[in-house]
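The values are calculated or read from the model by the stated rules, or taken from the named source; none is laboratory data. Note that this is a predicted model, so its numbers are computed, not measured. Cβ: placed from backbone, ideal geometry, glycine included. Neighbour counts: every protein chain shown.
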């Protein structure tokens with residue numbers, strides 16, 4: 001009886017030094033890129049917490065102040081802008097979850113005519129950027145009387161081809177035996193969907209929800225075109241109006257308002273960073 005042994009790879013000092021050097025170079029490049037990426041953010045933080053005269057005059061002994069945030073908050077109706085944005089994002093994410101779930105479930109568990117071509121048409125939408133449809137969408141909203149409304153901003157985004165695709169791919173991994181077991185227990189279509197498919201797809205819902213909220217919170221062009229009054233403006237449009245009309249070139253006020261509008265997303269990412277990355281990897285999003 002013969003035994004085969006796998007030769008062990010010996011790590012020489014030269015190999016260890018080479019690996020250490022490569023690791024050092026990689027970390028150095030990453031640190032330089034991170035610093036370059038963070039320069040605008042660091043500048044915004046500096047100017048927001050210091051008087052205007054220190055916006056281009058960097059001194060370590062410059063006094064800290066919160067007056068810029070108070071002035072910016074009082075100079076524009078940011079409370080209304082935040083309320084509009086929260087309503088907008090909530091409306092879109094709820095509609096996306098409901099509609100994308102129903103469409104994806106129908107494509108996975110039901111066989112009907114033209115299912116393939118219909119799904120192909122949905123995938124074609126991924127190749128069409130929203131900017132191409134701005135004129136037609138605006139004309140449609142004008143006919144419906146939804147210009148300058150939060151519903152009008154949300155209407156083109158109430159469903160998502162990417163969300164349908166992502167949930168469809170997830171639902172396809174659910175074993176058919178779970179459907180059959182639930183049917184034996186007397187569960188109908190809606191109960192199977194709610195008790196079997198939705199719980200198994202929770203990581204995908206979380207990953208997609210984070211992406212959707214981030215996109216629609218920062219969306220600027222479409223809300224800018226649709227809205228005309230502060231009553232319907234989200235924070236992105238309100239910030240642009242504030243920066244161009246109210247504060248002008250007072251960068252301390254502009255950056256203070258910018259930090260206020262981006263703070264919810266930054267805080268949410270810092271709090272849910274681990275879940276954010278883990279669910280992206282689990283959902284298969286690269």
Across (1) out of contact with any helix residue (DSSP H, G or I) (no Cβ under 7 Å at 6 or more places or on another chain); (2) not in a helix (DSSP H, G or I), residue 183 clears everything bar (2)
Residue 177 fails exactly one of the following numbered conditions: (1) assigned to a helix (DSSP H, G or I); (2) in contact with a helix residue (DSSP H, G or I) (Cβ under 9 Å, 6 or more places away or on another chain); (3) surrounded by fewer than 17 Cβ atoms within 10 Å (Cβ to Cβ); (4) free of Cβ contacts under 8 Å to residues at least 40 places away in the same chain. What is the number of that condition?
(2)
Out of (1) at pLDDT below 85; (2) crowded, with 20+ Cβ neighbours inside 10 Å, the odd one out for residue 256 is which?
(1)
Given the options 126, 133, 167, name the one that is assigned to a helix (DSSP H, G or I), under 29 Å from residue 220 (Cα atoms), under 25 Å from the mean Cα position of the chain (by Cα) and modelled with pLDDT under 85.
126
Just need a number here: residues in the stretch 59-91 that are loosely packed, with under 11 Cβ neighbours inside 10 Å and either without any contact (Cβ under 8 Å) to a residue 12 or more places away in the chain or touching a helix residue (DSSP H, G or I) at 6+ places or on another chain (Cβ under 8 Å) (or both).
5
Against the condition at pLDDT 85 or above and in contact with a helix residue (DSSP H, G or I) (Cβ under 7 Å, 6 or more places away or on another chain), how does residue 212 come out, does it pass?
yes
Inside the stretch 145-173, the number of residues satisfying the requirement of being in contact (Cβ under 8 Å) with a residue 60 or more places away in the chain and over 21 Å from residue 91 (Cα atoms) is 5
Those residues of the stretch 47-59 which are in a helix (DSSP H, G or I) and at pLDDT below 85 amount to 52, 53, 54
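Rundown of residues vs (1) within 30 Å of residue 200 (Cβ to Cβ); (2) assigned to a helix (DSSP H, G or I); (3) at pLDDT 90 or above; (4) out of contact with any strand residue (DSSP E or B) (no Cβ under 9 Å at 6 or more places or on another chain), yes/no style:
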{"residue": "61", "(1), (2), (3), (4)": "no, no, no, yes"}
{"residue": "97", "(1), (2), (3), (4)": "yes, yes, yes, yes"}
{"residue": "103", "(1), (2), (3), (4)": "yes, yes, yes, yes"}
{"residue": "117", "(1), (2), (3), (4)": "yes, yes, no, yes"}
Condition broken by residue 86, with the remaining ones in (1) within 18 Å of the chain's Cα centre (by Cα); (2) at pLDDT below 90 satisfied
(2)
Assuming residue 219 fulfils every condition listed in (1) within 24 Å of residue 154 (Cα to Cα); (2) modelled with pLDDT under 85; (3) within 15 Å of the chain's Cα centre (by Cα) apart from one, which condition is it?
(2)
